[in-house]
Ligand code: MG
């Protein structure tokens, strides 16, 4: 009888350690808490630099094709199979089928992804996916972000991205005033979650933002690259911005050409990943979609429920990058440090 009890006890311990290991592997937000900007780094609740990677969803717009992937199954799958620590909900604003035309459907898609990210212990970017936000009705962006901040601002999981990719326009006279207005709105309801601001020329001119930064805490600036089109000269802009003391976030990047199509550029992508790692920069890859173009991670007609066994060339490469990136994040390093303290 005693032997049975001992065996049962040992089994329970073995099961607990297996479950514990699984919990540790999955833990991201519970370990790292609210992300904050400290100098040119994004840091966790212990003030240690942290970096995450994950995918971006495609535009959320009705009938564009990517909207079917805005669901809990997809979020859970990229957490489980890609080890994604973050996911980006790219809500289309002014274009056909976007938030201006159908706020209810587009907002519901974003909320499904935010709630799935919270359930999966992941960070999530709420992205106003626009090339024209400063030209149009600021009130709509303001209303949307006020609602998101009230609903989700108390969750450590959330980051706001208020202007995906401004065109070739002035940082100081066009983008910055828009950003300051939206930041003011968000801060009425959420005093502390990170707000990421787009930069001129499809979020490449981070140097201009760094020369005239927004005088507020917990602001990061968007740098986007497509490895088939952008290389060292854009990384140099990033390095310059970091040297001026601002934090960067690569909320969108592609392994292909800047138009979202073309073949994977393995060599240039690796140079970018090395640069991001060296500078503790988090990133989201474009994109989880099955449109027939180079940047899509999925082949046309792939299930929108996860469980994907076959990915495109970009999807296959990016999944490996994300798995590796998150396995080396500060969350694991910190855990090691804590366990030896
Ligand atoms: Mg908050």
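The values are calculated or read from the model by the stated rules, or taken from the named source; none is laboratory data. Just so we're clear, the structure is a prediction, and the values are computed from it rather than from any experiment. For neighbour counting, all protein chains shown are included, and Cβ atoms are generated from backbone atoms with ideal geometry for every residue, glycine included.
A few remarks follow.
- Any hit, the range 180-195, residues being closer than 22 Å to residue 128 by Cα, part of a strand (DSSP E or B) and in contact (Cβ under 8 Å) with a residue 12 or more places away in the chain: yes
- The residues of the range 21-43 that are under 24 Å from residue 244 (Cα atoms) and either touching a strand residue (DSSP E or B) at 6+ places or on another chain (Cβ under 7 Å) or at pLDDT below 95 (or both), listed by number, are 35, 36, 37, 40, 41, 42, 43.
- Matching residues in the range 226-258 - criterion: being in a strand (DSSP E or B) and within 19 Å of residue 169 (Cβ to Cβ): 251, 252
- Hits in the range 258-268 - residues which are surrounded by 18 or more Cβ atoms within 10 Å (Cβ to Cβ) and under 17 Å from residue 322 (Cβ atoms): 264
- Looking only at the range 191-200, and only at residues there that are within 16 Å of the ligand (Cβ to nearest atom) and touching a strand residue (DSSP E or B) at 6+ places or on another chain (Cβ under 8 Å), the one that is farthest from residue 124 (Cα to Cα): 192
- Matching residues, the range 179-189, being within 15 Å of the ligand (Cβ to nearest atom) and out of contact with any strand residue (DSSP E or B) (no Cβ under 8 Å at 6 or more places or on another chain): 185, 187, 188, 189
- Residue check, residue 52 surrounded by 17 or more Cβ atoms within 10 Å (Cβ to Cβ), closer than 24 Å to residue 182 by Cβ, under 16 Å from the mean Cα position of the chain (by Cα) and modelled with pLDDT under 95: yes
- Qualifying residue in the range 206-224 (condition: without any contact (Cβ under 8 Å) to a residue 12 or more places away in the chain and away from the ligand (no atom under 16 Å from the Cβ)): yes
- Among residues of the range 93-108 being out of contact with any helix residue (DSSP H, G or I) (no Cβ under 6 Å at 6 or more places or on another chain) and crowded, with 24+ Cβ neighbours inside 10 Å, the one that is nearest to residue 129 (Cα to Cα) is 93.
To keep it simple, each residue is scored yes or no on (1) over 30 Å from residue 240 (Cα atoms); (2) surrounded by 19 or more Cβ atoms within 10 Å (Cβ to Cβ); (3) modelled with pLDDT under 95; (4) more than 16 Å from the chain's Cα centre (by Cα).
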site	(1), (2), (3), (4)
270	no, no, no, yes
279	no, no, no, yes
291	yes, no, no, yes
300	yes, no, no, yes
314	no, yes, no, yes
341	yes, no, yes, yes
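- Being in contact with a helix residue (DSSP H, G or I) (Cβ under 6 Å, 6 or more places away or on another chain) and over 24 Å from residue 242 (Cβ atoms) is not true of residue 199.
- Lone unmet requirement of (1) in contact with a helix residue (DSSP H, G or I) (Cβ under 7 Å, 6 or more places away or on another chain); (2) surrounded by 19 or more Cβ atoms within 10 Å (Cβ to Cβ) for residue 148: (1)
- Selection status of residue 141, more than 24 Å from residue 202 (Cα to Cα) and in contact with a helix residue (DSSP H, G or I) (Cβ under 7 Å, 6 or more places away or on another chain): no
- Number of positions in the range 58-92 that are crowded, with 23+ Cβ neighbours inside 10 Å, outside any loop (DSSP other than H, G, I, E, B) and touching a residue at least 60 places away in the same chain (Cβ under 8 Å): 8
- Matching residues, the range 135-178, being away from the ligand (no atom under 16 Å from the Cβ), within 21 Å of residue 217 (Cα to Cα), part of a helix (DSSP H, G or I) and under 23 Å from the mean Cα position of the chain (by Cα): 141, 142, 171, 175, 176, 178
- Considering the conditions (1) within 16 Å of the ligand (Cβ to nearest atom); (2) in contact with a helix residue (DSSP H, G or I) (Cβ under 8 Å, 6 or more places away or on another chain); (3) assigned to a strand (DSSP E or B), residue 125 is excluded by exactly one of them, (2).
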